[in-house]
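The values are calculated or read from the model by the stated rules, or taken from the named source; none is laboratory data. All of these numbers come straight from a predicted model, not from anything done at the bench. With ideal geometry, Cβ positions are generated from the backbone for all residues, glycine too; neighbour counts draw on all protein chains shown.
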Amino acid sequence: MRALKNHIPHLRTGMQWLAPFLVMGLIVSCLDNKATVEITGYDHMQKRAILWFTVNDASGPNLFPESGGGKYNCCVEIPKRWHRGMKATVRWEYGTGDDSPREAVVDIPEYTSENRGPVQVHFYDNHRVKVIVSKWALGNAEYPLPKEDWAPWTINERWERNIREIREEGGDV
């Protein structure tokens, strides 16, 4: 017991020296699992504008009816790797001035490190919201949103032709 008491001061000194490095290691490992991406949105409604919106408290651009995708705001952190059950909290207010802010917690569909890109929020009638994480823009056939949810946008045929040519030449897009 006496021998242990002689080592306690050395153990304390060692732990005091080692603790900051352990904490820094934990912080770095946590930061390494996050990716910082931009935010954009699409308003699929014919008559309602989006005055403002946020995704997990990070701001996106305002949107006119049937518009979007042209402006990006910086930034929101997302996990580098998608995992089952991922959700986002979206808050928004319509531009009519007579609506109170809305909120929805929505699923985030699967994404990979190869197709990870901006967080893209879609606003529909009846307060319906979808969130997509993708390097592809709406209008590209690779965009991971069901085609029935694209309106009023359609596939950009020029983009499709360019992608097809790149792939035929063995390139990666």
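Results, tabulated for the structure shown:
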read-out: Criterion: at pLDDT 90 or above and within 22 Å of GLU148 (Cα to Cα) - qualifying residue of ASP57, ASP107; value: ASP107
read-out: So ASN126, is it in contact with a Lys or Arg (Cβ under 6 Å, 6 or more places away or on another chain) and surrounded by fewer than 16 Cβ atoms within 10 Å (Cβ to Cβ); value: no
read-out: Failed condition for VAL131, given (1) within 16 Å of MET45 (Cβ to Cβ); (2) of a type outside the set (Asp, Glu); (3) not in a loop (DSSP other than H, G, I, E, B); value: (1)
read-out: Filter result (hydrophobic (A, V, I, L, M, F, W, C) and more than 16 Å from the chain's Cα centre (by Cα)) within the range 31-52; value: MET45, ALA49, ILE50, LEU51, TRP52
read-out: Hey, PRO152 in the same structural domain as THR40 (by TED's automatic domain parsing), farther than 24 Å from LYS34 by Cβ and either of a type in the set (Phe, Trp, Tyr) or over 12 Å from the mean Cα position of the chain (by Cα) (or both) or not; value: yes
read-out: Set GLU110, GLU93: member being of a type in the set (Asp, Glu) and either outside the structural domain of GLU142 (by TED's automatic domain parsing) or out of contact with any strand residue (DSSP E or B) (no Cβ under 6 Å at 6 or more places or on another chain) (or both); value: GLU110
